[in-house]
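Enquirer: The structure follows.
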Number of protein chains: 2
Amino acid sequence: MATEPRGSEGRFAYEGLDRVIHERARLSVLTSLVSNPKGLIFNDLKQLCSLTDGNLSRHLSVLEAENMVEITKGVEHNRPQTFCRITREGRERFLEYLSTLEQVVKDAARVSKDEHGAGLTRGLLPSKA
Amino acid sequence: MATEPRGSEGRFAYEGLDRVIHERARLSVLTSLVSNPKGLIFNDLKQLCSLTDGNLSRHLSVLEAENMVEITKGVEHNRPQTFCRITREGRERFLEYLSTLEQVVKDAARVSKDEHGAGLTRGLLPSKA
DNA sequence: GGGATCTACTTTGCAATGTAAAGTGAAAAA
DNA sequence: TTTTTCACTTTACATTGCAAAGTAGATCCC
């Protein structure tokens, strides 16, 4: 019976959850950018992440200040156009973050195998009827 | 040219990332509690999550207010003891959150495979299908 | 030409909130 | 009885996510 196994201090602390990344909007942005390594223009990113202009602008600034994205301002069809691309550092930090996320998912999933299964695991696997 | 495929609005919005859960400390707490469905006492939780007293206290209040955890105050060995257990609602919300997390991981993983081959920074992928 | 409008962002202001530090109350030790 | 320890709670503040307002230039309309 595992009331509190020793040596498990910080077992669920997840320090890899980088605060810069662990934020819905920025997680969206980064996933978009990692999925589009050639980069995206402001408006497409806005749509993909369902963000408002102001919101995206601010988060991009944060990510730029952290050297996680590279922002290029240009002009297309006589209109300003902001181009965003993830940097190498950004991708690296993001991937590290991701591996922690995977750990969270794994940790949580493990419960379905818990010893005293019945009442507890019910609903764990969303196989709703 | 189809820079961005239509019909992908909000593709990376991840609205399932419940704000109450999507917070490092609370994610830790909930994962701990979901992994220990019989419940945990304040101090063990504190250790597992590497949180300070005040921090844990506040986050537990938030989770309790949301009916995600059930808090029982008792006395053990002549000392107060706070016992925490995840509720059914808490587990359900957590699992929904988790499935979104898995989606994030999947979305991102799809690319980290592509990126395997060559240099990282330059755009080397043709637009994803 | 000039005012209105549209596009593409930026900036501002504020309410929410995560966190450290200080506080509380009761038991145990000295 | 005074001090210390334990087990939390409360407070205060600095941060920050977000929406609304603002800015700058191009285009339309007359």
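The values are calculated or read from the model by the stated rules, or taken from the named source; none is laboratory data. This one's a predicted model, so the numbers in the text were calculated from it and none came from an experiment. Cβ atoms come from the backbone with ideal geometry, glycine included; neighbour counts cover every protein chain shown.
Enquirer: Please specify each residue of region A:60-84 satisfying the condition of being within 8 Å of DNA strand C (Cβ to nearest atom) and under 19 Å from the mean Cα position of the chain (by Cα).
Expert: A:Leu60, A:Ser61
Enquirer: Inside region A:43-89, can you point out the residues that are more than 10 Å from chain B (Cβ to nearest Cβ) and among the aliphatic types (A, V, I, L, M)? Lay out the reasoning, then the answer.
Expert: Taking region A:43-89 as the starting set, the residues that turn out to be more than 10 Å from chain B (Cβ to nearest Cβ) are A:52-69, A:71-84.
Those that are more than 10 Å from chain B (Cβ to nearest Cβ) and among the aliphatic types (A, V, I, L, M): A:Leu56, A:Leu60, A:Val62, A:Leu63, A:Ala65, A:Met68, A:Val69, A:Ile71, A:Val75.
Enquirer: Is there a residue in region A:85-103 that is of a type in the set (Val, Ile, Thr), under 18 Å from A:Gly16 (Cβ atoms) and within 16 Å of DNA strand C (Cβ to nearest atom)?
Expert: Step one: list which residues in region A:85-103 are of a type in the set (Val, Ile, Thr), which gives A:86-87, A:100.
Now restrict to residues that are under 18 Å from A:Gly16 (Cβ atoms): A:100.
Narrowing the set further to residues that are within 16 Å of DNA strand C (Cβ to nearest atom) leaves A:100.
Yes, there is a match, as at least one residue in region A:85-103 is of a type in the set (Val, Ile, Thr), under 18 Å from A:Gly16 (Cβ atoms) and within 16 Å of DNA strand C (Cβ to nearest atom).
Enquirer: Being at pLDDT 90 or above, within 16 Å of the chain's Cα centre (by Cα) and among the acidic types (Asp, Glu), is that true of even one residue in region B:51-59?
Expert: no
Enquirer: Could you count how many residues in region B:10-27 are among the small types (Gly, Ala, Ser) and at the interface with another protein chain (Cβ under 7 Å from one of its Cβ atoms)? Write out each step before concluding.
Expert: Step one: filter region B:10-27 for residues among the small types (Gly, Ala, Ser), giving B:10, B:13, B:16, B:25.
Checking the rest, the ones that are also at the interface with another protein chain (Cβ under 7 Å from one of its Cβ atoms) come to B:10, B:13.
Looking only at that region, the number is 2.
Enquirer: With the structure loaded, tell me whether B:Glu66 is more than 11 Å from DNA strand D (Cβ to nearest atom) and among the charged types (D, E, K, R) or whether it fails that test. Quick ask: steps written out before the conclusion?
Expert: Values: more than 11 Å from DNA strand D (Cβ to nearest atom): yes; among the charged types (D, E, K, R): yes.
For B:Glu66, the condition - more than 11 Å from DNA strand D (Cβ to nearest atom) and among the charged types (D, E, K, R) - is met.
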